[in-house]
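Every number in this text was worked out from the coordinates using simple rules, so none of it is lab data. These numbers were taken from a predicted model, which means no experiment stands behind them. Heads up, the Cβs are rebuilt from the backbone with ideal geometry, glycines too, and the neighbour counts pull from every protein chain shown.
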Amino acid sequence: MTIFSLYILSKSGGLIYQHDHNLPTIENEKTFSFPLELKLDVQNRNVMVSFGQRDGIKVGHMLVAINGMKVTGQQLDDGRDALQVLQDEANYPINLKFARPRLTTNEKIFQASMFYPLYALACQLSPEPRSSGIEVLEADNFRMNCFQTLTGVKFMVISDPKQSGVDALLHRVYELYADFALKNPFYSLEMPIRCELFDEHLKTALEQAERPGFSNV
Amino acid sequence: MTIYNLYIFDRDGQMLYYGEWTRKKQSGMSREEEAKLMYGMIFSIKSFVTKMSPVDLREGYLTYCTNKYRLHLFETPSRIKFVLNTDVGAQGIKELLHQIYTQVYVEYVSFNPMCPLNKPIESELFAAKLDEVVRQSPAYASRPA
């Protein structure tokens, strides 16, 4: 049972708080011989796998290390270009490490504002009258619960599909938001939440929710 | 338990088929406009889900629910998309969509020499078989409106 991350969106759709609670690291290491079976491309200044997924290395994974040496963007730590190293036959056999890329802060803000129109479209395309927007979005290996308050603030929790008590957790987070963000005289509405007490209580609430046998706070 | 409607899209986003059973509210626009909006929504949801997912995704099936209905999206390896709307409590829809694909779409469209693959489906046999499969499924129990 895991809770991966939490997002809070203001009523105008902007991201005002984000917390990664328990994100798994997906890394794969493998030794390759000369003609590299993977097709690599540069996307967003990172070296990504674009074709030929195998042994847990999937399309969209990012190259993070060559022979144990870290790759930042396209560059190795000793200043060599990663793609040039990979093209040179003399460097083989070579050990490559790939990882699933994490969202950057910019991407998080971008994705969070993407959710707003999806929520509205889900109401419009409803086959039943008076439907709400998306409340639960479920894929094969994660689930996203969304709770919209009467004032239009959205709380989103991304968790394992087997995680229970997410609804109770969302209400608890709403309570914490009201108690520690809204009642804070230094907090202004629609602005990112930077309150230490809120952070602390939120962390406790998430940890409690992950414990098995949790029913309500 | 009920099934509202079904959309089938090809890989370019063209609507191949639309079927309706117990839909209660129309979206207030033409069918083509609605299909474009629906395809736009599932396209964005798919990209949103791939980005937001903390783990690697197995492709093919995803669902969301609101307080009134649940939308199921099943995508075949050839990128044909089946979108089915049911009520919130419907069970076993993944299997139903898989059955619609293998036993109805493949049998009566892919194997049918008279059905062009990238044109809207006009075969009456397909429509009849689809209706039969949907009406027989446990998730479909007609409710008086």
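For segment B:3-141, what value does the Rg/Rh ratio take when both radii are computed over Cα atoms and Rh is the Kirkwood radius, given to two decimals?
On the way: Rg = 14.7 Å, Rh = 15.6 Å.
Reported Rg/Rh (Cα atoms, Kirkwood Rh): 0.94.
What FRET efficiency, computed as 1/(1 + (r/R0)^6) with R0 = 51 Å and r the Cβ-Cβ distance, is obtained for B:GLU132 and A:PHE32, rounded to the nearest 0.05? Spell out each step's value before the answer.
Values: r = 52 Å, r/R0 = 1.02.
The value I calculate is 0.45.
State the extension gain, in nm to one decimal, for the chain segment bounded by B:SER110 and B:SER47, taking 0.36 nm per residue of separation less the distance between their alpha-carbons.
Here the segment from B:SER110 to B:SER47 would lengthen by 19.9 nm.
According to a simple spin-label model (label point 7 Å from Cα along Cα-to-Cβ), what is the distance in nm between B:ARG11 and A:ALA178?
5.1
Going highest first, how would you order B:110-120, B:3-13 by mean Cβ packing within 10 Å?
B:3-13, B:110-120
Taking GluC sites (Glu not before Pro) that fall in a DSSP loop and have at most 15 other Cβ atoms within 10 Å as cut points, what is the longest piece of chain B between them?
Values: sites that count: B:GLU59, B:GLU122.
Of all site-free stretches, the longest is B:60-121.
Provide, for chain A, the number of lysine pairs with alpha carbons under 26 Å apart, each pair being eight or more places apart or on different chains.
26
Average partner chain C-beta neighbours within 10 Å, per residue of A:117-123?
4
Starting at the first residue of segment A:152-161, write each ³J(HN,Hα) from the Karplus equation 6.51 cos²θ - 1.76 cosθ + 1.60 with θ = phi - 60°, in whole Hz, x for Gly and Pro.
x, 6, 10, 10, 10, 10, 9, 9, 5, x
Compute the orientation-averaged projected area for chain A from the convex hull of its Cα atoms and round it to one decimal in nm². Write down the numbers at each step before the final one.
Details: hull surface 61.6 nm².
Average projection, Cα convex hull of chain A: 15.4 nm².
Determine the shielding of peptide B:39-45 by partner chains: average, over its residues, the number of Cβ atoms on other chains within 10 angstrom of each Cβ.
The mean count of partner-chain Cβ atoms within 10 Å per residue comes to 4.
If I model a spin label as a point 7 Å beyond the Cα along the Cα-Cβ vector, how far apart are those points for B:GLU95 and A:THR72 in nm?
5.4
What is segment A:27-99's relative contact order, in percent, from Cα pairs under 8 angstrom and six or more apart in sequence? Intermediate values should be presented prior to the final figure.
Numbers: 127 pairs, mean separation 28.3, N = 73.
The value is 39 percent.
Please give the average number of partner chain Cβ atoms lying within 10 Å of the Cβ of each residue in A:7-19, rounded to a whole number. Write down the numbers at each step before the final one.
Working: counts 1, 0, 0, 0, 0, 0, 0, 0, 0, 0, 0, 0, 0.
Neighbouring Cβ atoms belonging to other protein chains average 0 per residue here.
What is the Cα centroid distance between segment B:2-57 and segment A:85-149, reported in whole angstrom?
18
So for segment B:3-141, if I pair up every lysine 8 or more residues apart or on another chain, how many of those pairs have alpha-carbons under 18 Å apart?
The number of close lysine pairs in segment B:3-141 is 10.
What's the magnitude of the charge dipole for the protein assembly as shown around its Cα centre, counting Lys and Arg as +1 and Asp and Glu as -1 at the beta-carbon? Answer in Debye, nearest 20. Could you put the intermediate results ahead of the total?
Working: 39 positive and 42 negative charges, 129 e Å.
Result for the protein assembly as shown is approximately 620 debye, rounded to the nearest 20.
Given a cut-off of under 8 Å on Cα pairs at least six residues apart, what relative contact order in percent is computed for segment B:3-141? Let's see the in-between values first.
Values: 168 pairs, mean separation 34.5, N = 139.
Relative contact order, segment B:3-141: 25 percent.
Once the dipole of chain B is set up with Lys and Arg at +1 and Asp and Glu at -1 on Cβ about the Cα centre, which of B:PHE82, B:HIS72, B:PRO120 lies farthest towards its positive end?
Farthest towards the positive pole: B:HIS72.
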